[in-house]
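One structure is given here, and the rest of the page talks about it.
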Amino acid sequence: MEETPNPPHAFSPRLRFVDSSDIFWDEWRGTGLTGTAYFAARNDKVPLIVAAQKNDLQTVQHLLASEEKIKLDEVGLEGESALHMAAALGYLPVVEALIVAGANTSLQDIEGSTPLIHCARFCPPEKSVDIAKALIAGGASPLEAASYDLAPVPVLGYAIQSFNLPLTQYLTPLTPLDYPTDLPNNRYIVTEALGAASRSHNGVVILKYLLEQGLPVQTTDLCRCTDVGLTDTETSFEVLHRHFVQAQQISTEELSSLTPSILHATRGAGKQLVPAFRALVESYSVNPNHRDVAIAVLSLGQLDLLQTAINSGLQLGTVLSVDEVRQIVNGRGRGKDFLQLIRDQMGLPQP
């Protein structure tokens, strides 16, 4: 038997996005509790859930065999059943006992999360595959989905979000990589894979695996990889670019055309532009004198980026006319040093 995890809400979906001390919890549920106290108490009125989340198999079996009428699928304040909790925490014997007793493997909590989705989101990776196998054998569908940022994300998507490679490998053959297949151009799995790869090296490993399995990526997806220029580890940009090169799906010209979007996405993610630009030119052969690249460098308005581009071979006068440069930089609050560097580059007189 194990004690309830500390904190007891470690597997709660909402604490990923909402401050646990927010008074919103008290107003929403009317319990008089906030933060950790609310989550610790959210299931304590249901004995079967209490036993399940403590991994107390003996008490679970006793309750299931009791002459008292046990509501097998009774839920707590968040809509989670005993099966939800056991699946989230990786307690396989408890999961199996509940399934044999007839627990609903497709029951949804208040967020639409099923026990299988709970497994994908919160279960320790080393236990998750066995839990998932038990749930699927008990009737759960690997195509179950719950909304995340208004998109219907399937179980595989949540496994990717959790950087859970073993579960990803188990679920991939069971899930269309263009899920859902009843709508055109659906790329939710691509979105989850690129998002995970941008946050963690484990996500990059998952991206590599999914590419090997036929993940339907597009060259424009390079604009969503904001880790270009990082050198401490293999990046999602490196992996994705190599995939396109090996498949002969991208040219230097196309990558140069994509560079403005890559740089804007990099800045939007709060990453440094100079290492990204330098990597694009030096490692990926982007042409600094490509018209779109020159326009992007000027429109971003960073002195160090402009200097790096010039050092990399940018010749503004051969790419853009004086009128075009003025149109790009005028009225944008560029610093004096930035404007002076442009004049020096283009041989313009002092104002």
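A simple count of charges around G214, restricted to other residues whose Cβ falls under 14 Å of its Cβ and scoring Lys, Arg +1 and Asp, Glu -1, yields 0.
Residues whose amide H comes within less than 5 Å of that of Y179, counting only those at least five positions distant or on another chain, are I189 (H built at 1.01 Å from N in the peptide plane). Think of the chain as having a plus end and a minus end, set by charges on the Cβ of Lys, Arg, Asp and Glu; of L230, Q108, A52, L230 sits farthest toward the positive end of this dipole.
Estimated from the Cβ-Cβ distance and a Förster radius of 56 angstrom, the FRET efficiency linking E111 and Q350 is about 0.35.
The mean sequence separation of alpha-carbon pairs under 8 Å and at least six residues apart, normalised by the residue count of the range 31-174, gives a relative contact order of 18 percent.
Once backbone amide H atoms are built at 1.01 Å from N, V153 has A146, S147, Y148 as its partners under 5 Å, excluding neighbours fewer than 5 places away on the same chain. What number comes out for the charge environment of A88, summing +1 per Lys or Arg and -1 per Asp or Glu over other residues with Cβ under 12 Å away? That works out to -1. In degrees between 0 and 90, to the nearest 10, how far off the longest principal axis of the chain does helix 188-199 point, with axes built from Cα atoms? That works out to roughly 70 degrees. The calculated FRET efficiency for the pair K336 and D292, based on their C-beta separation and a Förster distance of 30 Å, comes to about 0.70.
Using Cβ point charges alone (K and R +1, D and E -1), the dipole size of the range 218-351 about the Cα centre works out to roughly 440 debye. Rounded to the nearest 10 square angstrom, R278 shows an accessible area of 100 square angstrom against a 1.4 Å probe.
How large is ³J(HN,Hα) for each residue in the range 126-132, as worked out from phi by the Karplus curve 6.51 cos²θ - 1.76 cosθ + 1.60 (θ = phi - 60°), to whole Hz, x for Gly and Pro? Karplus-based 3J(HN,Hα) across the range 126-132 equals 5, 10, 5, 5, 5, 5, 4 Hz.
In terms of its C-alpha gyration tensor, the range 31-174 comes out oblate, because a/c is 1.5 or above while a/b does not outweigh b/c.
Counting only Cβ charges, +1 for Lys and Arg and -1 for Asp and Glu, the dipole size of the range 195-290 around its Cα centre is about 240 debye.
Once you list every other residue whose beta carbon is under 13 Å from the beta carbon of T175, what net charge do they have if Lys and Arg are +1 and Asp and Glu are -1? Local net charge: -3.
Across the options G347, S198, S285, the greatest Cα extent toward the positive end of the charge dipole of the chain (unit charges at beta carbon of Lys, Arg, Asp, Glu) belongs to G347. Net charge dipole, the chain: roughly 920 debye, given to the nearest 20, about the Cα centre with Cβ charges of +1 for Lys and Arg and -1 for Asp and Glu. Summarise the long-distance tail of P(r) for the chain by giving the % of C-alpha pairs beyond 40 Å. Cα-Cα pairs in the chain separated by more than 40 Å: 33 percent. Mean residue ellipticity at 222 nm, helices only, the chain: -15000 deg cm²/dmol; runs of at least 4 DSSP H residues each add -39,500 (n - 2.57), and the sum is divided by the number of residues. At an R0 of 30 angstrom, the distance between the Cβ atoms of E67 and K45 translates into a FRET efficiency of 0.90. Each residue was assigned an accessible area with a 1.4 Å probe, and for H62 the value is about 120 Å².
The values are calculated or read from the model by the stated rules, or taken from the named source; none is laboratory data. Quick caveat, the model's predicted, so the values are computed rather than measured. Backbone-built Cβ (ideal geometry, glycine too); neighbour counts: all protein chains shown. In case anyone asks, the SASA skips ligands and DNA or RNA and just uses the protein heavy atoms, side chains included. Shrake-Rupley method; radii C 1.70, N 1.55, O 1.52, S 1.80 Å.
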